[in-house]
Amino acid sequence: MRHYRQLAGVLLAALSLAGCKKNDPTTPQDPPAVNPGVELVCTPPAERNDYGIFPKVADGAGVGDVMPFFDAASGTQYLYYLKDVWSDVSNQRHPWYAFTTSDFRQYTEAPAGELLASSAGSCAQDRAIGTGSVIARNGTYYAFYTGNNPNADNCGRRKEGVMLATAPGPAQRFTKSTSFATLYVPTGQGFDENDNFRDPFVYQDDATGQYAMLVSARRNVAGIWRGVIVKLTSPDLLTWTYQSVLYDGGSSNYFMMECPQLFKIGSTYYLTYSDTGTRHFYYRKSAAPGGPWSAPAGNERVDGSGLYAARVLNNTATGKNYLIGWVNRLENNSDAGSWWWGGNLVTHQLNQLPNGDLTVSMVPALKTYLEAQTEPLQRVSRTASAARPDSSTYILTGPAAGPLANVLFKPLNLTRFKLSTTVSYSSAAKDFGFMLGACDGTNQFYSLRFVPSQNRFSFDRLNRSSLNAGTSAVADVPFPMQPNTDYMVDIVEENSVVVVYLNGVAALSVRIYKAPRTSWGIFADNSTATFKNLTVTKP
């Protein structure tokens with residue numbers, strides 16, 4: 001302690017001699033800490049289950065593939081989902097459950113609990129339940145779902161088929177239709193006939209008036225296997241006829257285009273799917289429901305690999321659209337763990353640009369909820385290369401050689417909050433962004449970073465000393481930037497789920513176990529970046 005007191009006295013004397021220079025807005029008002037590491041916290045607490053804005057199941061189970069449905073009859077938004085439970089003892093293998101929500105900020109579990117159960121028989125086609133969709137017709141609710149039998153090879157049947165259950169109401173338990181003939185992929189046409197026929201999405205084709213069903217499949221085309229989306233049609237939802245391949249991926253060869261969906265906004269039709277290889281959600285556009293399908297003029301992705309199996313809910317009463325998926329967990333609730341299926345529900349508002357391209361932004365009700373109060377920021381240190389023109393703005397000038405510019409803050413001991421700032425840069429030979437779980441201000445931290453030279457925003461767990469131009473990010477999203485342009489950034493955190501909203505056009509949803517209640521900061525490396533109006537708000 002004596003050493004620190006002596007140093008403080010020297011610094012005070014230096015400031016008194018500086019005279020009016022101490023009020024110069026480009027001059028740091030406080031020196032960097034002698035050893036900021038002693039005040040940093042980089043070990044996170046244990047994972048918690050008190051999720052609300054990014055919900056899991058009440059019993060702690062993860063949320064799997066989401067099947068959103070707007071019930072026009074009641075004006076209710078239903079989010080059916082696969083519950084991440086696989087138990088042979090209880091015969092629960094990814095059963096259907098549901099949330100309802102009026103605003104995508106608060107979620108209520110459907111009181112009926114399990115809405116669609118797997119079958120007990122070891123050779124039953126639906127020994128496990130898979131993704132599907134719900135559609136209403138004449139007061140009956142039709143749930144088309146994937147029947148998956150992991151014992152198919154020993155049972156003399158195909159592994160996946162499309163099955164049907166019905167209910168008199170959207171929140172009631174569905175009864176399986178024993179008279180419905182399970183749908184399988186066509187034989188003799190090059191398809192994988194024993195596996196990979198799943199995730200039916202049913203809609204009414206406004207061009208023909210018939211019902212249409214999209215299903216994910218795999219097909220051998222000229223000796224090359226590729227994922228495809230096939231189309232079936234029906235006049236009554238009971239009798240289905242295979243028509244054709246609606247989309248084969250074009251110039252991209254996807255292993256499997258899971259959870260396909262077709263919807264319309266304005267005069268544009270959209271085809272969406274999630275690629276099992278990259279775990280990215282993609283979309284295509286067309287002027288007609290049958291295609292041809294083209295990539296958007298801008299970016300074909302609006303989020304990264306953290307948001308999987310996303311589908312869109314169109315609220316026909318309000319005209320609003322929402323993109324809903326799940327953020328995966330990692331084994332043992334550890335950043336070092338392997339990727340686990342299922343996790344927390346995340347919803348973005350989906351918006352359409354004049355050219356028909358799609359963007360995502362924070363749901364308004366969530367934004368309002370998270371801006372109720374301001375949380376004071378407690379700074380640990382800042383480097384001399386991090387100027388502070390006013391109380392909430394920092395200009396970081398990271399040198400080409402030497403330590404990066406940074407500002408470090410104490411942990412935010414909050415369950416959920418929103419960190420907001422307006423970011424711009426005048427030069428960016430390398431990168432700049434946010435530090436999470438900082439053990440120091442130069443190397444040992446996770447980074448949420450802008451890389452303007454590569455037109456992307458990414459999440460990386462590697463130490464700075466291990467990062468290079470070819471580093472493969474944990475997750476990233478395309479985000480083109482221009483110098484001297486303001487970009488609004490909102491980082492929403494609830495426990496280990498972190499969602500970054502970028503200027504109302506893109507998002508990056510990720511699982512970061514090291515994020516909660518650890519030290520954090522901002523940095524610039526071989527770049528000059530400005531962070532204006534840096535604020536934290538909470539409910």
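Heads up, I need the accessible area for THR316: 1.4 angstrom probe, whole protein in place, Å², nearest 10.
Probe radius 1.4 Å; accessible area of THR316 about 100 Å².
Quick check: from the Cα gyration tensor, does the stretch 187-298 come out rounded (a/c under 1.5), prolate or oblate?
oblate
Provide the per-residue ³J(HN,Hα) series for the stretch 324-339, in order, calculated from phi with Karplus coefficients 6.51, -1.76, 1.60 and θ = phi - 60°, each as a whole number of Hz, with x at glycine and proline positions.
Computed from phi, the couplings for the stretch 324-339 are 10, x, 10, 9, 5, 9, 10, 3, 6, 6, 10, 4, 8, x, 6, 5 Hz.
Can you tell me the order of 373-384, 212-223 when each peptide is scored by its average per-residue count of other Cβ atoms within 10 angstrom, highest first?
212-223, 373-384
Can you give the angle from 0 to 90° between the axis of helix 2-18 and the longest principal axis of the chain, with both taken from C-alpha atoms, to the nearest 10?
Orientation of helix 2-18: about 70 degrees from the principal axis.
Where the centroid of each part is defined by its Cα atoms, how far is the stretch 259-317 from the stretch 403-457 in Å?
Here the two parts' Cα centres lie 30 Å apart.
Compute, for the stretch 306-388, the length of the dipole vector about the Cα centre, with Cβ point charges of +1 (Lys, Arg) and -1 (Asp, Glu) only. Units Debye, rounded to 20.
200 debye
Under 1.5 on a/c is rounded, so check that first for the chain, then, if it is not, pick prolate when a/b is larger than b/c and oblate when it is not; a ≥ b ≥ c are the square roots of the alpha carbon gyration tensor eigenvalues.
prolate
Kindly state, as a whole number, the per residue volume in cubic angstrom of the convex hull around the alpha carbon atoms of the stretch 44-88. Present the calculation step by step, with values, prior to reporting the outcome.
Numbers: hull volume 5.5 nm³, N = 45.
Here the figure is 123 Å³ per residue.
Could you sort ILE135, ILE224 by accessible area so the largest value comes first, with the probe set to 1.4 Å?
ILE224, ILE135
Would you mind computing, in nm to one decimal, how far apart the modelled labels at GLN454 and ASP195 are, each placed 7 Å from Cα along Cα→Cβ?
Distance between the two pseudo-spin positions: 3.2 nm.
Students often get this wrong, so check it: of LYS231/LYS264; LYS56/LYS264; LYS410/LYS430; LYS83/LYS264; LYS56/LYS410, which have C-alpha atoms separated by over 23 Å?
Violating the 23 Å limit, Cα to Cα: LYS56/LYS264; LYS410/LYS430; LYS83/LYS264; LYS56/LYS410.
Ignoring ligands, DNA and RNA, what percent of the accessible area of the chain is carbon or sulfur (1.4 Å)?
The nonpolar share, carbon plus sulfur, comes to 50 percent.
Mind putting a number on the dipole of the chain about its Cα centre? Charges go on the C-beta only, +1 for Lys and Arg and -1 for Asp and Glu, and I need it in Debye to the nearest 20.
Dipole magnitude for the chain comes out near 820 debye.
For the chain, what does -39500 (n - 2.57) per DSSP helix run (n ≥ 4), summed and divided by total residues, give at 222 nm, in deg cm²/dmol to the nearest 500?
Using -39500 (n - 2.57) per qualifying helix, the result is -1500 deg cm²/dmol.
Using only the heavy atoms of the protein chains and a 1.4 Å probe, how would LYS538, LYS410 rank by accessible area, largest first?
Greatest to least solvent exposure: LYS410, LYS538.
What list of ³J(HN,Hα) values in whole Hz, one per residue of the stretch 420-434 in order, does the Karplus curve 6.51 cos²θ - 1.76 cosθ + 1.60 (θ = phi - 60°) give from phi, with Gly and Pro shown as x?
Whole-Hz 3J(HN,Hα) from phi for the stretch 420-434: 10, 6, 10, 10, 8, 8, 9, 8, 7, 5, 10, 7, 7, x, 10.
At 1.4 Å probe radius, can you tell me the per residue accessible area of the stretch 346-499 in Å²?
Values: 5580 Å² over 154 residues.
Ligands and nucleic acids excluded, the result is 36 Å² per residue.
The values are calculated or read from the model by the stated rules, or taken from the named source; none is laboratory data. What you see is a predicted model; the values in this text were computed from it and never measured. All Cβ positions, even for glycine, are placed from backbone atoms using ideal geometry, and neighbour counts span all protein chains on display. Accessible surface is based on the protein model in full, side chains and every heavy atom, while ligands, DNA and RNA are left aside. Shrake-Rupley method; radii C 1.70, N 1.55, O 1.52, S 1.80 Å.
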